[in-house]
Ligand SMILES: Nc1nc2c(ncn2[C@@H]2O[C@H](COP(=O)(O)O[C@H]3[C@@H](O)[C@H](n4cnc5c(=O)[nH]c(N)nc54)O[C@@H]3COP(=O)(O)O)[C@@H](O)[C@H]2O)c(=O)[nH]1
């Protein structure tokens, strides 16, 4: 080995040996010196002084192993008072086993002529105090001249070892208690170490963890992937990060594992270190975020976002395979009534039950999504044409028609379904949704509880409707709504007895819009509640103004939509408006439709009774067109029947209508109710009605619905022509 090849520390030893040899045999020379500047004796003294001061033990023995020279460090090491030349070491330090071993080594080196090394335990005992190196010195002919002994003090090395031990213990402690899972894998991907946390995370049994590959413990679907990562790191030496999931006692554990190579002194990869950060909570949180982002929290069905994704996928599939698919949009009919009348908890339960029932109608590869409120979408990616889609829609309506038993209550719902087909109706997510919506809306208009396929004209209609709803929302705020008044006449006396308040919408750019054109939208959207309240308040103010100058007060008839009965505030609202406007309850007639009575809910009965008790009268509007059973009439506090104008129209020439009107007037009389005929246009109609005992009438014959100013002029003129 050359000097460059020598190991650290070895060079120092050799330098010391060189000095010592030079000193002890008197051959020391300054490096590179040709001539001696100083006398030999002085050089030897200097060298000896140097050796005397060395911290390492240095000694020289003659060929018979007797002491020739030993420096003070040597005597300290051996534990003798004096290194007496000519003595053997056993004589200067008797009874020590270490000295005996030293002597044996000297004997061996002397006999073999080969250097020897041994650890020497000092006088204090314990760990080796020095490493002795015995170097035989031979003459050119091989004759042994003596034995040089160099003792390297091992205390600094022991200190270093102690420090290392301490460090590694601390590190191990740290690793054991670190909030990470740590494992060490050998070249065969077997765990040679796992910290306590990882052992616990893998089930708690160290024997089941150590010496095992990830495939053996914990196993699972991701284990083979992890094995591959370990192999890759062992092979290529790069650092990898990988998501690991496994199950312990039924609970999922997730780690984000950093896998890095471990090298030996020669730079070869021998092991792999895997440090896993527990991301179970993070994983849970991520899943929760995923659920919130893509699923409806109430029904756990996919939401609009996920549906969009599924439709995109269905489009791609259908395009690739060249087939069709269908998108159905289901909206429950009058669902808002359930929420408003039974409360949101019941409404929510019903929605969940509907969701379940709809899912029962389809196959697993179909998607049922909730778009919000009472609107569901059903993607049938594998239907073949119109017939398949119609069959599913029909089944859905039949399933829905079965009563729902919720909280011991039987609830009935129906739905309207719109169907759009890919590719005939649309080729994109948004257009398919829009077209299915247009078809669904068409189903609503066609009487609900049915399904409709998309047809092109629906889109325009649906857009128009949406546009109208938006404009109507602004109309009240912008003062575009007006109340018109139509006179009501006492047929027997011919005197004006009141007026019906009828709503109009003066829509900018479009002129006056009739209620039939916007009241249904106001009802569907719920806007009618706010609008109805406004009409009531304007009409009450008007009648108060009119009656201020009249000895015989007029009555104002105001239409109430069934939607206004859905909330509980109606009675309070009427009372407040009466109080605010100063309108006497007796001046107010509230017109309701027969269909409201059909619901026959306790709540409706109670509300009507409260309004009646307040002093307002209640009339049944459009009588004869609805479904009311006569039995309802005496159960409700009704005071008038308003015979619908369809019966009055053509009354003169149609005997069956005459009979019907006669019958309605008889019912009113039998129940002691007042009667008002609507749509009276001719004097003949008025005469017939009067003759049959009809008390009052309303119609173009007496006056059309008119703006308030016109009605007030009309009032002032009192130009009513009584029926002859
Ligand atoms: N919930 C609310 N409903 C309202 C309100 N205002 C009106 N309406 C309802 O809209 C429907 C249509 O009303 P309108 O177009 O005003 O029609 C009324 C009269 O104009 C019409 N009429 C009256 N006389 C004649 C006639 O001789 N011939 C003829 N062809 N039509 C005539 O009849 C309608 C009377 O309405 P009603 O007595 O209520 O049936 C209508 O159903 C209104 O109820 C509102 O504020 N809220």
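Nothing in this text is a laboratory measurement; each read-out follows from the coordinates by a stated rule. Everything numeric in this text was worked out from a predicted model, so none of it was measured. Ideal geometry is used to build each Cβ from the backbone, glycine not excepted, and the neighbour counts take in all protein chains shown.
May I ask you to compute the full-extension gain from residue 464 to residue 262, defined as 0.36 nm times their residue separation minus their alpha-carbon distance, rounded to one decimal in nm?
Gain in length upon complete extension: 65.6 nm.
Treating the angle as unsigned and between 0 and 90°, give the value, to the nearest 10°, between the Cα long axis of helix 708-717 and the longest Cα principal axis of the chain.
It is inclined by approximately 20 degrees.
Provide the FRET efficiency to the nearest 0.05 for the residue 288-residue 399 pair, computing r from the beta carbons and using R0 = 25 Å.
Calculated transfer efficiency: 0.20.
Full extension from residue 277 to residue 173: what is 0.36 nm times the residue separation minus their Cα-Cα distance, to one decimal in nm?
The span from residue 277 to residue 173 would gain 35.7 nm if fully extended.
Hey, with R₀ at 22 Å, roughly what FRET efficiency would residue 196 and residue 238 work out to, going by the Cβ-Cβ distance, to 0.05?
Taking R0 as 22 Å, the efficiency between residue 196 and residue 238 is 0.15.
Output the Kirkwood hydrodynamic radius of the stretch 213-329, Cα pairs only, in Å rounded to one decimal.
In the stretch 213-329 this quantity evaluates to 17.9 Å.
Going highest first, how would you order 94-103, 496-505 by mean Cβ packing within 10 Å?
496-505, 94-103
Counting DSSP beta bridges in the chain, what percent are antiparallel, to the nearest 5?
Antiparallel bridges make up about 80 percent of those DSSP assigns within the chain.
May I ask for the equivalent-ellipsoid semi-axes of the stretch 445-561, computed as the square root of five times each C-alpha gyration tensor eigenvalue and listed largest first in whole Å?
So the equivalent ellipsoid measures 35, 16, 12 Å along its semi-axes.
With each pseudo-label sitting 7 Å past Cα toward Cβ, what's the residue 52-residue 334 distance in nm, one decimal?
Modelled inter-label distance: 12.3 nm.
Taking only the alpha carbons of the stretch 517-614, what extent do you get along each of the three principal axes, in Å, biggest first?
Rounded to whole Å, the extents work out to 40, 31, 21 Å.
Under the rule of -39500 (n - 2.57) per DSSP H run of 4 or more residues, summed and divided by the residues of the chain, what mean residue ellipticity at 222 nm is obtained, to the nearest 500 deg cm²/dmol?
Mean residue ellipticity at 222 nm (helix-derived): -14000 deg cm²/dmol.
If one takes the longest principal axis of the Cα atoms in the chain, at what angle in degrees, from 0 to 90 and to the nearest 10, does the Cα axis of helix 527-547 lie?
Approximately 40 degrees, to the nearest 10.
Which angle between 0 and 90 degrees, to the nearest 10, do you get for helix 10-25 versus the longest principal axis of the chain when only C-alpha atoms count?
20 degrees
Could you state, as a whole-number percent, how many of the C-alpha pairs of the stretch 185-242 are farther apart than 14 Å?
Percent of Cα pairs beyond 14 Å in the stretch 185-242: 55.
What FRET efficiency would be calculated for the residue pair residue 205, residue 104, taking the C-beta separation as r and a Förster radius of 45 Å, to the nearest 0.05?
Efficiency computed from Cβ-Cβ geometry: 0.30.
Just to be sure I follow: if Rg is taken over the C-alpha atoms of the chain and Rh is the Kirkwood radius over the same atoms, what is Rg/Rh?
1.45
Among DSSP beta bridges whose residues both lie in the stretch 257-325, state the antiparallel percentage, nearest 5.
100 percent
Once you have all Cα-Cα distances for the stretch 99-254, histogram them in 5 Å bins from zero and send the whole-percent values.
Reading upward from the zero bin: 2, 8, 12, 12, 10, 7, 6, 6, 7, 8, 8, 7, 4, 3, 1, 0, 0.
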